[in-house]
Structure formats: structure tokens, C-alpha cells
Amino acid sequence: MTGSIITVAQQKGGSGKTTLAANLAVGFLRQGKTVALVDTDPQGSLGRWFMTRVEEHPDATVGLDFATSSAWGITYETRKLAGACDIVIVDTPPKADSDLRPALRVADLVVVPVAMSHVDLWATEGVLDLARREEKDALVVMNRTRARTRLAGEVAEAAARLEATIAETQIANRTIYAEAMGKGLSGAEGRKTPARAEVDALSQEVADRLAKG
Ligand SMILES: Nc1ncnc2c1ncn2[C@@H]1O[C@H](COP(=O)(O)OP(=O)(O)OP(=O)(O)O)[C@@H](O)[C@H]1O
Ligand SMILES: [Mg+2]
């Protein structure tokens, strides 16, 4: 088996990298795929999420694996995991420097969350640039969107001018995403909610993009 490797990266802190990594993982599980998460961020938030899930929802970890890695060990770690599961998702620290290179180099797709602000958007060029230099496909995901606000309109318009593909699916600003993370869950679990539809749509969009190669 050779699974696909997705690296979630964005220089701006708090843009939603870890939230997206966890939600995409559950989205792929919901598609019947096996998933491995790799945390390269010393903050270890994704690891906390995974351990909470293991303790509180053991049944929900079937098909889900987790590893930590240093920035430089990522090539070995992800290749090993891609030999055993369908999707490997790498969460990275808020940086866009040479430390990020190995995680980009190993990726089949780079997912770049942008929380709805101009400041977040400005920070995005750095990662897109690095991804481009590694000749990697990148997908920008608008996160924490607030429908029908002027800011959302402005940011979306500015994002469209980036030399990058913007995902059709947006992840709205919803308390359920923050709450679910603390419980080791995703926005897609629990009651049928708009968040579930977003997570499923984004996971499908990412899967389609990977399939195109
Ligand atoms: N769509 C969303 N709706 C509501 N809250 C969100 C959403 N996405 C992220 N958050 C919240 O925003 C904060 C930052 O998210 P997260 O930790 O995923 O970002 P990050 O990019 O991984 O941060 P860091 O750069 O520190 O690693 C968290 O409190 C998270 O719960
Ligand atoms: Mg994070």
C-alpha cells in the first residue's frame, strides 16, 4: 500500500492547522479510509487530541494511528506510515522556514488553512512560496468564515488573487470545532450538524484532489 501524504502548514499561528488535521482525519475515517496523524509541532496539541480520543472514545480510534516526529525525521516516519494506511496527515508548527521543507517535500498535497483575516492571508504567501519551490500542489482552505460579513467578502476576494487553488468548501467559525477538539472529537461527530457537512465536503474535496494527482 502507498497512502497519500497531506501536510497541513501555515506560518500564522492559530489559523486552524491542528483543527483541520484532526477534522480531516475523521472525515477520511468516515469515508472508510485508514488514517495516520503525525505531529511535528512541539506544542503537541494533536497528540493531546489523539490521546483524549483514545481514552474517552476508544472505539473511534479504529483505523486511526498517531506518531510524533521531528522536522527532519518526517520523511522516514511518513513513508513508513504510508506503507500501512490510506492517508497520512502531518500537522506542523506555525513556521515557514527551512525546517518545514522536509514536511512539504514528502507531501502529495499541502493544505493551507487561512483564518478569515487579512493578517492571516498575508502570512499565506510564505508557505505557498515554499510549496511552489518544492513543486507541490497546494490547497488553501478558508477557515473560521463568517458568512455575509464585509470582512469575509474582502478576504475571499484577496484570496482569489493568490496564486493558489482555494477549496470550494469553507469551514465556518463554529464553537463545535473548538469544543469537539477538547473531547478528542471532530465537528463531524455527535449530532448531525452543519459542521459535519463541512468536514465531509472538505474531506471529499481533498480526496478528489489527491486522486487527480
Ligand atoms: N472553524 C473554527 N471555528 C471555531 N474555532 C476554531 C475553528 N478553527 C480553529 N478554531 C479555534 O482556533 C484556535 C486555533 O486553532 P488551531 O489550534 O487548530 O490552530 P493552529 O494553526 O494549529 O495553531 P498553532 O499555529 O498554534 O499550531 C483553537 O482554539 C481552535 O479551537
Ligand atoms: Mg497547531
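The values are calculated or read from the model by the stated rules, or taken from the named source; none is laboratory data. Source: prediction; values computed, not measured. For neighbour counting, all protein chains shown are included, and Cβ atoms are generated from backbone atoms with ideal geometry for every residue, glycine included. For the accessible areas, the whole protein counts, side chains as well, though only heavy atoms, and no ligand, DNA or RNA atoms are used. Shrake-Rupley method; radii C 1.70, N 1.55, O 1.52, S 1.80 Å.
Restricting segment 19-38 to residues that are open to solvent by 30 Å² or more (accessible area, probe 1.4 Å) and either near ligand 2 (Cβ under 9 Å from one of its atoms) or touching a Phe, Trp or Tyr at 6+ places or on another chain (Cβ under 9 Å) (or both) leaves a set whose member that is nearest to Thr75 (Cα to Cα) is Thr34. Residues that are within 16 Å of ligand 2 (Cβ to nearest atom), at negative phi and open to solvent by 40 Å² or more (accessible area, probe 1.4 Å) within segment 132-183 comprise Ala178, Gly182, listed in sequence order. Being open to solvent by less than 50 Å² (accessible area, probe 1.4 Å), touching a Gly at 6+ places or on another chain (Cβ under 8 Å) and more than 9 Å from ligand 2 (Cβ to nearest atom) is the filter here, so list the residues in segment 39-59 that pass it. Within segment 39-59, Trp49, Phe50, Thr52, Arg53 qualify.
Remark: pairs (first residue in segment 186-209, modelled with pLDDT of 95 or more; second residue hydroxyl-bearing (Ser, Thr, Tyr) and in a helix (DSSP H, G or I); Cβ separation under 7 Å; 6+ apart in sequence or on different chains) = Gly187/Tyr177; Ala195/Tyr177.
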